[in-house]
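Report on one structure; see the data block that follows.
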Amino acid sequence: MSAPAPAAGKPPAMILAQGIHKRFGDLEVLKGIDAEVDEREVVCLIGPSGSGKSTLLRCMNALEKFDEGRLTICGHDLTGSKTSLNAVRRDVGMVFQSFNVFPHMSVMDNLMLAPRKVLQVSKAEARARAMALLEKVGLVDKAGVYPTKLSGGQQQRVAIARALAMQPKVMLFDEPTSALDPETVGEVLGVMKNLADEGMTMMVVTHEMGFAREVADRVLFMDGGVVVEQGEPKQLFESPQHQRTQAFLSKIL
Amino acid sequence: MVTEALSFDFGQYMPPLVRGAGVTVGLVVAAGIAGTIIGMLFGVARSAPLAPIRWLASVYTNFIRGIPILIILLFLYYEIPLLFPYATFSQTITAVIGLSVYAGAYMAEIFRGSIQAVPRGQLEAGQALGLNYVQRMRYVVLPQALKIAVPPGIGFLIALVKASSLVSVISATDLTRAGRIITSQNHQALTTFLIVAALYFVISYPLSLLGRWFERRLA
Amino acid sequence: MTFDFNAVLPYLPVMLRALLISIEVTVLAFSIGSVLGIFVYLGRRSPIAPLRWLAYGFVEIFRNTPLLVQLYLIYFGLPQMGINLDPFWSTLAGMTLNNAAYTSEIFRAGIESVPTGLLEAAGALGMRYAQTFRYIVLKPAIRNVLPALTNQFIVLFLFSSVGSVISLDELTSALADLNQSTLRTLEIFTIGGLLYYLFSAVIAASSRLAERYLFRW
């Protein structure tokens, strides 16, 4: 469990979603989502496929545009079209299910690219940052290696380090372990747990219930485009209130 | 009669043919490089976020690819002296310009396809890291698109070698023109042009094999 | 330098008549060439080795040498062996052979692109080769080759312009002549180019429409 969120007179939420609707053509994927993530909180989004979890996450760094509602993240208002998307993405890091590590450059270059080109960090500083992060994720000896030579779990750890190199205020994880072999899932979840312990604000879409139970401050259960139920993991997993939540959990656990 | 038709004075006529072949190769290399650069620019423009840029680039590439190369060459051959009445133009330069315009349009289409073939996740990762459009293109998409563009690019190079034969019509001294000139002297059209064809084959076929090798390697 | 289409408009009928010749030689070369292409493809797959090599050589030679040189060989070279073909027949012969080489490759790609899994399933169901070919391979193969064949037709149409070099009175030749007589280079070649482009575009669009209606899966 990460450090507890500040209590009374608390600062504004890191992520605030109000009444989010999103349609893909005729299909409405998000049917009025309200969600909130405070600083240093770890929130896990769980639910069946097609429930809209990934879509919601992708709305948060503007990879998807939503049709109705309000969405604020790190003080950026995503509702208007005036917001600079690049500014948002400097504060928000994202880790993808398919890693999306750049295959045509070494691990080190993957980590150094964005800090140098977007944040105008010096080459030396970027390298130092990268080395520190590689040490954190346990891949120092792979700095000069090309991603195609790495296992899925290693590539995903590189992806996490790459996102962290931008020193984001929030980290979004879109099913980070779904494409991994079972043996490597643990190493990635370990990195994510350490990140949570250090106080990073995280929103994680995942099927790993063990991770959610152990690391999350709050769990949101989504189904059919709405948030059916949310609460502390102990409460949600052990005594779910809604029938749909119970049905889903009984199939998974 | 057949043996008479097949005689050919190699000593006298081979050197000019080889020189012509050299000009052909030079034209193809020049137009190939120019075409790749133009193609990259237009290829990027065709997938740009701004609609007017996309549209302009589309019009250029679609039009050039929808007309015969001979039209382009003839147009330049007649029009350039009208635009620059006091300049003396080597027809080789006209040939390079015409072939480059032609190559640019086809390479643009190849690059457009290659850019689209780069997995979407790569683009999204670039976006998520905060890279702007130019940065995403330059550091993430284009390097990967270039690799994908190699097999079709080589395929086009072969087409360019064949298209280059048409510069003989506007009096540029390439391999085909050398063949024509020699034929007017020795009246041995059959033999001369068989040798010309063989020389074109020698230039093209290795490219064919190279293209197929790349295709297997990158599959 | 002015841009005056009206001076050129009276010559439009001449251009259109010449365009018709371009279309005519293209359609003939494409039809005959495609049928020939089927035989060349069968040759490539023949169990008789010399036939395979012959077909392979035919395809490689015609794909790696320029059409112009092929036309020169037919128009200027064959007379030396007593075979005299006029510009139309020379152009047609060259374009037909060229098309045969390219379409045989298109057929090869189309037929070989049907997944072998489908063939195995058909075999497991007890279908013989001919039946498998007719019901399982043919329709998907045709759907695969339609875009490539359309493209080949358009390429062949643009190739017809090379006939102008050996005096065939098609569109490019007409444009060059008109340019000599009117000196309105920009207008003549712009309209000429547009004529070529519009025909190509119409063919491409028709093919896409046909694809959508014929192959609705």
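The values are calculated or read from the model by the stated rules, or taken from the named source; none is laboratory data. Small disclaimer: the values here were computed from a predicted structure and weren't measured. Here the Cβ positions follow ideal geometry from the backbone for every residue, glycine too, while neighbour counts run over all protein chains shown. Please note that ligands, DNA and RNA were not included when accessible areas were found on the heavy atoms of the full protein model with its side chains. Shrake-Rupley method; radii C 1.70, N 1.55, O 1.52, S 1.80 Å.
The fraction of accessible area contributed by carbon and sulfur in the stretch B:2-218 is 69 percent, rounded to a whole number (1.4 Å probe; ligands and nucleic acids excluded). Counting, for every residue in B:199-210, the Cβ atoms of other protein chains within 10 Å of its Cβ and taking the mean gives 3.
Please work out the Cα center distance from the stretch C:139-186 to the stretch A:113-138, rounded to the nearest Å. Centre-to-centre distance over Cα atoms comes out at 57 Å. In terms of the mean number of neighbouring beta-carbon atoms within 10 Å, the peptides B:89-96, B:169-176 order highest first as B:169-176, B:89-96.
Going by alpha carbons, how many degrees (0 to 90, nearest 10) lie between the helix axis of B:10-46 and the longest principal axis of chain B? The answer is roughly 20 degrees.
In terms of packing, defined here as the mean over residues of other Cβ atoms within 10 angstrom, the peptides A:142-152, A:162-172 line up highest first as A:162-172, A:142-152.
For the protein assembly as shown, the per residue solvent-accessible surface stands at 46 Å², with DNA, RNA and ligands left out and a 1.4 Å probe.
For peptide A:162-175, the mean count of partner chain Cβ atoms within 10 Å of a residue's Cβ comes to 1. Across the alpha-carbon set of the protein assembly as shown, the Rg to Rh ratio works out to 1.08, Rh being the Kirkwood radius. Against the main long axis of the alpha-carbon atoms of chain B, helix B:142-163 sits at an angle near 20°. Between C:SER181 and A:SER81, the modelled label-to-label distance comes to 5.5 nm, taking each label 7 Å out from Cα in the direction of the beta carbon.
DSSP assigns beta bridges within chain A; of those with both partners inside it, close to 55 percent run antiparallel.
If one computes P(r) from the Cα atoms of the stretch B:2-218, what percent of pairs lie at distances over 23 Å? Working shown, then result.
Details: 13074 of 23436 pairs.
Counting pairs separated by more than 23 Å, the tail of P(r) holds 56 percent.
Under 28 Å Cα-Cα from A:LYS123, which lysines qualify once same-chain neighbours fewer than 8 residues away are excluded? Of all the lysines, those that pass the test against A:LYS123 - Cα under 28 Å, at least 8 places apart if same chain - are A:LYS136, A:LYS142, A:LYS149, A:LYS169, B:LYS147.
Bridgeable lysines around A:LYS31 (alpha carbons under 21 Å apart, same-chain partners fewer than 8 residues away excluded): A:LYS22, A:LYS53, A:LYS65.
Per residue of A:55-64, how many C-beta atoms from partner chains lie within 10 Å of its own C-beta, taken as a mean? Each step should come with its number before you reach the end.
Values: counts 0, 0, 0, 2, 0, 0, 4, 2, 4, 0.
Other-chain Cβ atoms within 10 Å of each residue's Cβ, averaged: 1.
What does the extension gain come out to for A:HIS21 and A:ALA124, with contour length at 0.36 nm per residue minus their alpha carbon separation? Write down the numbers at each step before the final one.
Numbers: separation 103, 0.36 × 103 = 37.08 nm, distance 4.43 nm.
Stretched fully, the A:HIS21-A:ALA124 segment lengthens by 32.6 nm.
Per-peptide packing, taken as the mean over residues of other Cβ atoms within 10 Å, places B:74-87, C:5-18 in the sequence B:74-87, C:5-18 from highest down. Adding -39500 (n - 2.57) for every DSSP H run of four residues or longer, then dividing by how many residues the protein assembly as shown holds, sets the calculated 222 nm ellipticity at -20500 deg cm²/dmol.
Annotation for C:LEU20 and B:LEU209: the two label points, set 7 Å from Cα along the Cα-Cβ direction, are 4.9 nm apart. Radius of gyration (Cα atoms) of the stretch A:1-99, expressed as a multiple of 2.2 N^0.38 Å: 1.11.
Within chain C, helices built from complete DSSP H runs that reach 30 Å or longer along their own axis (Cα positions) and carry a mean Kyte-Doolittle hydropathy of -1.0 or higher are C:12-44, C:87-112, C:185-214.
Placing R0 at 60 angstrom, the Cβ-Cβ distance between B:LYS147 and A:GLN243 gives a FRET efficiency of 0.70 after rounding to 0.05. Please give the helix B:51-65 orientation as an angle from the longest Cα principal axis of chain B, in degrees from 0 to 90, rounded to the nearest 10. The helix B:51-65 is inclined about 20 degrees to chain B. The apolar share of the surface of chain A, taken as the fraction of accessible area on carbon and sulfur atoms (1.4 Å probe, ligands and nucleic acids excluded), comes to 49 percent.
Which FRET efficiency value, to the nearest 0.05, do you get for B:PHE89 and C:ASN84 by plugging their Cβ-Cβ distance into 1/(1 + (r/R0)^6) with R0 = 30 Å?
Numbers: r = 38 Å, r/R0 = 1.26.
Once the sixth-power term is evaluated, E becomes 0.20.
Under a Gaussian network description of chain B, with springs only between Cα atoms under 10 Å, the residue in B:GLY26, B:GLY98, B:GLY39 that fluctuates furthest is B:GLY26.
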